[in-house]
Amino acid sequence: MTSDQFKAKIGAALPPICDGCTQATTAGGWMLGIGKDSPNKDLAWEFIQDVTDGANMVPFDVFFVRVPVRKSGLAQADAFKADPYFAESAKAIKVAQFPPFVAKYAQIEEPIWTAIQSAIQGTPVKEALDRAAKDVDAILAAR
């Protein structure tokens, strides 16, 4: 799909919020790391530096219509003008948070995303989030 076809078919928006609530969204994706037993730590570090360098990443992100993850990439809005998600993604990055490092997060994630989908489909935001909070409380209370 071209970026124009993608934009015509799929929209972009931050998750809905309650009146008076603080906007937030999740950050995610792959993390780069070097294992302690890596036999090529210097080469691995060189690779990470090369692939995350803005001079290399911005053309890659533009070509594959990906959201830049570095401030230097975000500052190049003109490079991303064909990206149908860029404007909303740039807003989302300002309020993005990584999921908490909680053992039960994999279980907690489902009611949260279900609430977001429910709100998008018309359930009052407070009602959807209250339902998710109740479900999350139950998950956290279970042993």
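The values are calculated or read from the model by the stated rules, or taken from the named source; none is laboratory data. As the structure is a computational prediction, the values presented were derived from the model and not from experiment. Counting neighbours? That spans all protein chains shown, and the Cβs are built from the backbone with ideal geometry, glycine included. Protein only, heavy atoms only, side chains kept; ligands, DNA and RNA dropped before computing areas. Shrake-Rupley method; radii C 1.70, N 1.55, O 1.52, S 1.80 Å.
Only one of the listed residues (132, 103) is within 21 Å of residue 27 (Cα to Cα), among the small types (Gly, Ala, Ser) and open to solvent by 80 Å² or more (accessible area, probe 1.4 Å). That residue is 103.
Which of the residues spanning segment 120-129 are open to solvent by 80 Å² or more (accessible area, probe 1.4 Å) and without any contact (Cβ under 8 Å) to a residue 12 or more places away in the chain?
Initially, segment 120-129 is screened for residues open to solvent by 80 Å² or more (accessible area, probe 1.4 Å), giving 120-121, 126-127.
Within segment 120-129, 121, 127 qualify.
Exactly one residue out of 36, 71, 94 is without any contact (Cβ under 8 Å) to a residue 24 or more places away in the chain, of a type in the set (D, E, K, R), out of contact with any Leu (no Cβ under 9 Å at 6 or more places or on another chain) and under 30 Å from residue 128 (Cα atoms): that is 94. Restricting attention to segment 74-91, the residues being without any contact (Cβ under 8 Å) to a residue 40 or more places away in the chain and assigned to a loop (DSSP other than H, G, I, E, B) number 3. The one condition from (1) of a type in the set (A, V, I, L, M, F, W, C); (2) surrounded by 14 or more Cβ atoms within 10 Å (Cβ to Cβ); (3) part of a helix (DSSP H, G or I) that residue 48 does not meet is (2).
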